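Derivation of every value follows stated rules applied to the coordinates shown; laboratory data play no part. Bear in mind that the values here come from a model prediction, so they are computed numbers and not experimental data. A quick note on method: Cβ atoms are made from the backbone with ideal geometry, for glycine too, and the neighbour counts reach across all protein chains shown.
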2 protein chains.
Amino acid sequence: MFTKACEYAIRAVLIITMKGKEEQKLSIQHIAKEIDSPLPFTAKILQTLSREGLVASVKGPNGGFYIDPKAKPVSLSQIVKAMEEENVLNTCALGLKECSDTQPCPIHHQVKAYKQKLKHVLQEKTIQMLAKELNEGKTFLRISKKRKK
Amino acid sequence: MFTKACEYAIRAVLIITMKGKEEQKLSIQHIAKEIDSPLPFTAKILQTLSREGLVASVKGPNGGFYIDPKAKPVSLSQIVKAMEEENVLNTCALGLKECSDTQPCPIHHQVKAYKQKLKHVLQEKTIQMLAKELNEGKTFLRISKKRKK
DNA sequence: TTAATAAAGGATATTTTTATCCTTTATTAT
DNA sequence: ATAATAAAGGATAAAAATATCCTTTATTAA
């Protein structure tokens, strides 16, 4: 559905939102380990996210990534857009250049409803909402270790 | 959503179903032109589809591709499977190895419904059904030329 | 039986995505 | 000021997807 880059991006912003504070920023190393992603590739993605203003970053000792608590919540679609994948849900499922309600491809109608719903999810769901559910243990980003007896 | 290879595959089988008859088979050239796809790449894809038994083919003069009228209708998911993309709808949207109803990723539930419905569409819709709608002018594979006055 | 035709198959090339490495810049602590 | 640290940025490498080319095999028509 998304590219690896986009998957890592969403996971990274989630971790930064959950664990990054202005007084204790997260390093690339920490983030990559936490989301189990290749470190240098993750660094590139964080560069993009930082440039796009979706995460805050500071260089140097004690530097790293965090979310400005004054900043507006970040929607999933903002991240998808930052990773230049906005068209995942806007292109024809059969790859036709011309495909629309008036000139639909053979599966246009069947696919349309679901694309729209998903688009809505991406627009409405913010990283902050998802981070909350993660904190509450309702959802997961990594395999929850079996607790010792 | 699908790879180019899979898009071409679906479009190719549709064209073969609509226009290919045992007594008048379709050449690779004809198919590639019809679905506006790169010829040699399309040839490769047709090889796969033929090997998987989703289309019939004959070599030599007057050879080409057609659909055996005695064969069972082909579902979209059969094509997707033949192109080895069955997992498009079975993998976690955030790329997690472990993601399930009991250990859901942050967007598992939101995405699940979408994936299931789409999976259902792929299983239920056959190329024959879609070809019928194409023939009836209800759907399109190429830009319909504006008719002259 | 031979020549022509058209798909099958194998090898190779190009492009995009994924991933890595190295140098530069900003920031902090000493 | 200087050294250490950590992200930013640029250049490069590896892998996968897309695309092309050439030879072989099967079939048909002459």
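Here are a few things to note about the model shown:
- Tail fraction, Cα-Cα pairs, the protein assembly as shown, threshold 25 Å, whole percent: 56 percent
- Fewest-first sequence of A:ILE15, A:ILE28 by Cβ atoms within 10 Å of each Cβ: A:ILE28, A:ILE15
- In degrees, nearest ten, helix B:4-19 long axis to first principal axis of chain B (Cα): 40 degrees
- Longest to shortest principal axis, alpha-carbon extents of the stretch A:43-94, angstrom: 50, 24, 11
- Charge tally around B:LEU94: other residues with Cβ under 10 Å, Lys/Arg +1 each, Asp/Glu -1 each, net 0.
- Label distances, nm, A:LYS70 versus same residue in remaining copies, Cβ-directed 7 Å point: 7.8
- Average partner coverage of A:1-9, which counts Cβ from other chains inside 10 Å: 3
- For A:LEU130, net neighbour charge (Lys/Arg +1, Asp/Glu -1) across residues whose Cβ lies under 12 Å away: +1
- For the residues of B:85-94, the average number of beta carbons from a partner chain within 10 Å of their own beta carbon is 3.
- Take each residue of peptide B:123-131, count the partner chain Cβ atoms within 10 Å of its Cβ, and average: the result is 1.
- Sorting the Cα pairs of the stretch A:50-149 by distance into bins of 10 Å, from 0 upward, gives 12, 29, 28, 20, 9, 2, 0 percent per bin.
- Inter-copy separations for A:LYS112, label at 7 Å along Cα-Cβ, nm, ascending: 2.9
- Residue closest to axis [chain B; rotation mapping onto A; Cβ; Å]: B:TYR114, 2
- Placing unit charges on the Cβ atoms only, positive for Lys and Arg and negative for Asp and Glu, gives the protein assembly as shown a dipole magnitude near 160 debye about its Cα centre.
- Copy-to-copy label separations for B:ASN87, where each label sits 7 Å from Cα toward Cβ, in nm and ascending: 2.6
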